[in-house]
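To start, the structure itself, in structure tokens.
The values are calculated or read from the model by the stated rules, or taken from the named source; none is laboratory data. Values in this document were obtained by computation on a predicted structure and should not be read as measured data. When we count neighbours, we look across all protein chains shown, and the Cβ atoms used for this are built from the backbone with ideal geometry, even at glycine.
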Amino acid sequence: MAEKHKRRVRSDRLGSAATRERLVDAALACVRTRGLAGSTSRKIATEAGVNLEAITYHFGSKDDLIAEALTRAIQRWLAPALEELRRDVAPTTRMLAAASAFRTAFDSARDILPAYFEAVVAASRAPVVHQRLTLMLGELRDFLSGEIETLRSLGFLPEWVEPASMATLLIAMLDGIALHAVISPNAVNPDALLAQAVQVLMAIQRAPGA
């Protein structure tokens with residue numbers, strides 16, 4: 001009897017985990033096709049094939065669910081580039097590989113970029129979304145700042161480069177590329193832009209007095 005109860009508990013937990021993942025996937029699917037405003041709780045639940053109460057049970061609110069879904073999507077987008085930056089190779093090799101990984105991931109993220117910018121605009125009115133975006137960007141800024149500090153300590157970047165400010169500048173650059181790709185997809189060449197960004201960073205090292 002006890003063993004049967006344990007199996008039922010394990011099954012319930014697995015079912016809950018699966019339902020949670022279906023809701024995240026459904027939220028992303030709705031945001032891609034309907035935008036934030038059109039992604040109602042009912043439409044997300046229908047897309048996931050679950051009842052409406054499942055959103056509250058697993059996430060507390062629709063805003064929490066969408067914040068979770070967008071955060072995961074952006075983290076998956078950035079993950080390949082961050083992994084390249086963690087590799088124990090020469091700084092120039094690492095930087096070029098990270099730029100290439102980001103470019104590859106950029107194509108798969110194009111359909112979620114409009115929703116990302118919607119979330120940024122809505123953040124001031126949606127505390128949950130604001131909190132998640134702030135946390136995610138803060139973690140990314142800290143990571144990049146640490147990488148830049150390492151490059152500076154190795155002599156790859158000059159002493160005048162301030163890691164936290166440069167990290168913020170790089171994030172702003174990535175946001176800018178993404179924004180222009182959403183507004184004018186046919187006029188923006190991410191390959192050329194990223195190549196220029198890498199060349200600018202490499203030029204800092206060679207600049208007179210650097």
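Residues in region 59-108 that are part of a helix (DSSP H, G or I) and basic (Lys, Arg) were compared, and the one that is nearest to Leu36 (Cα to Cα) is Lys62. Has region 157-178 got any residue that is modelled with pLDDT under 80, among the small types (Gly, Ala, Ser) and under 20 Å from Arg32 (Cα atoms)? Checked region 157-178: no residue is modelled with pLDDT under 80, among the small types (Gly, Ala, Ser) and under 20 Å from Arg32 (Cα atoms).
Condition check ((1) without any contact (Cβ under 8 Å) to a residue 60 or more places away in the chain; (2) touching a helix residue (DSSP H, G or I) at 6+ places or on another chain (Cβ under 7 Å); (3) surrounded by 13 or more Cβ atoms within 10 Å (Cβ to Cβ)) across all residues:
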residue	(1), (2), (3)
Gly35	no, yes, no
Glu47	yes, yes, yes
Leu70	no, yes, yes
Arg94	yes, yes, yes
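With respect to the stated conditions, Leu170 is crowded, with 17+ Cβ neighbours inside 10 Å, under 24 Å from Asp88 (Cα atoms) and of a type outside the set (Ser, Thr, Tyr).
Residue pairs whose Cβ atoms lie under 8 Å apart, sitting 6 or more positions apart in sequence or on different chains, and linking a residue in region 187-206 that is modelled with pLDDT under 75 to a partner that is part of a loop (DSSP other than H, G, I, E, B) and not acidic (Asp, Glu), are Leu201/Leu157; Ile204/Leu157; Ile204/Pro158; Ile204/Val161; Ile204/Ala210; Gln205/Phe156; Gln205/Leu157; Gln205/Pro158.
When restricted to residues that are touching a residue at least 60 places away in the same chain (Cβ under 8 Å) and under 13 Å from the mean Cα position of the chain (by Cα), region 72-92 contains 4.
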